[in-house]
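Worksheet: one structure, shown below.
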Amino acid sequence: MAQKLKYFLGHVAIFLLVLSASIALTINFTPLYSFDIRYLNIEQMAGFSKDILLDNYRILMQYLNLPWIAELKMPDFPASESGLFHFHEVKRLFLLDYAILGISGVATALFLRMVKNEQGYWRMLTPVLLMITAPLVALTVIFMNFDRLFVTFHSVFFNNDAWIFDARTDPIILALPQDFFMHCFVMVFVLIELLLVALYFWIRRKVKKA
């Protein structure tokens, strides 16, 4: 029973590591936003050039990523109190993701060391296959009704309406259209899938060697 619990917790640690790593890679992948500026016509919607949009985006990302930056000041986008509060809440989610990434990374390393000592790689094959299936279902949901998913996501992680921006007081919303966030969601789940598939084949090799 104790061994089953150890493997269950180990698989949870692996999934959290893959999830948090995929989120961290996506939110810091500036080329995605750079691509969407042209693809989604953000220059026309926001009324700024690509260079200005990228400069403000980098300032926003520095605020969200770095704990020691306590104040958000984008030179070309004024923000309301409500808007700034929402970004403060987003910052906490970013830092939470990094904390989960670190903790799950250590837990996964300890778990894999235990698996190696026990030669228990075969026990991981079915759980990892199940993990591979979950993102495929999530991607289907995203493509079927992203609008509803977007609202549900904010309802779960934010207990207020500060995320509903008014372009007159928070024009940054024009530079961050909903379709950009859809692309971010898709990228997260694609990365999860790629990492899990790579993990599965790595485990298979270990099983064959054993």
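A Förster radius of 30 Å combined with the Cβ-Cβ distance from Lys4 to Thr152 puts the calculated FRET efficiency at roughly 0.35.
Taking a ≥ b ≥ c as the square roots of the eigenvalues of the alpha carbon gyration tensor, region 63-173 is oblate, as a/c is not under 1.5 and a/b does not beat b/c.
For the chain, the solvent-accessible area of protein heavy atoms averages 59 Å² per residue (probe radius 1.4 Å; ligands and nucleic acids excluded). Highest mean first, the peptides 144-152, 27-35 sorted by other C-beta atoms within 10 Å per residue fall in the order 27-35, 144-152.
Taking packing as the residue-averaged number of other Cβ atoms within 10 angstrom, the listed peptides 175-187, 66-78, 13-25 run from highest to lowest as 13-25, 175-187, 66-78. The C-alpha atoms of the chain define a longest principal axis, and helix 2-27 lies at about 30 degrees to it.
Of the accessible area of region 1-209, computed with a 1.4 Å probe over protein heavy atoms only, carbon and sulfur atoms account for 67 percent. Taking θ as phi - 60°, what are the ³J(HN,Hα) couplings along region 63-72 by the Karplus curve (6.51, -1.76, 1.60), each to the nearest whole Hz, with x for Gly and Pro? 3J(HN,Hα) across region 63-72, in whole Hz: 4, 5, 8, 9, x, 7, 8, 9, 10, 9. Roughly how far apart, in whole Å, are the Cα centres of region 1-48 and region 49-69? Their Cα centres are 18 Å away from one another. Multiplying the residue separation of Asp55 and Ile132 by 0.36 nm and removing their Cα-Cα distance gives an extension gain of 24.0 nm. Shown are Phe158, Phe201, whose ranking by accessible area with a 1.4 Å probe and every protein chain present, most to least, is Phe201, Phe158.
Computed over protein heavy atoms with a 1.4 angstrom probe, the accessible surface ordering of Trp202, Trp122, largest first, is Trp122, Trp202.
Our summary gives the chain a relative contact order of 36 percent, counting only alpha carbon pairs under 8 angstrom and 6 or more residues apart. Taking every protein chain into account, the 1.4 Å probe leaves Glu118 with about 90 Å² of accessible area, to the nearest ten. Annotated for region 1-209: lysine pairs at least 8 residues apart or interchain, Cα distance under 30 Å, count 14. Taking 0.36 nm per residue of sequence separation and removing the Cα-Cα distance, the Glu71/Gln178 pair yields an extension gain of 36.1 nm. Once the mean of 1/r is taken over each pair of separate Cα atoms and inverted, the chain shows a Kirkwood hydrodynamic radius of 19.2 Å.
The values are calculated or read from the model by the stated rules, or taken from the named source; none is laboratory data. Given the structure is predicted, the values throughout are model-derived calculations rather than measurements. Note that we place each Cβ from the backbone using ideal geometry, even for glycine, and neighbour counts take in every protein chain shown. To get the accessible areas, we keep the full protein, side chains included, count just its heavy atoms, and leave off ligands, DNA and RNA. Shrake-Rupley method; radii C 1.70, N 1.55, O 1.52, S 1.80 Å.
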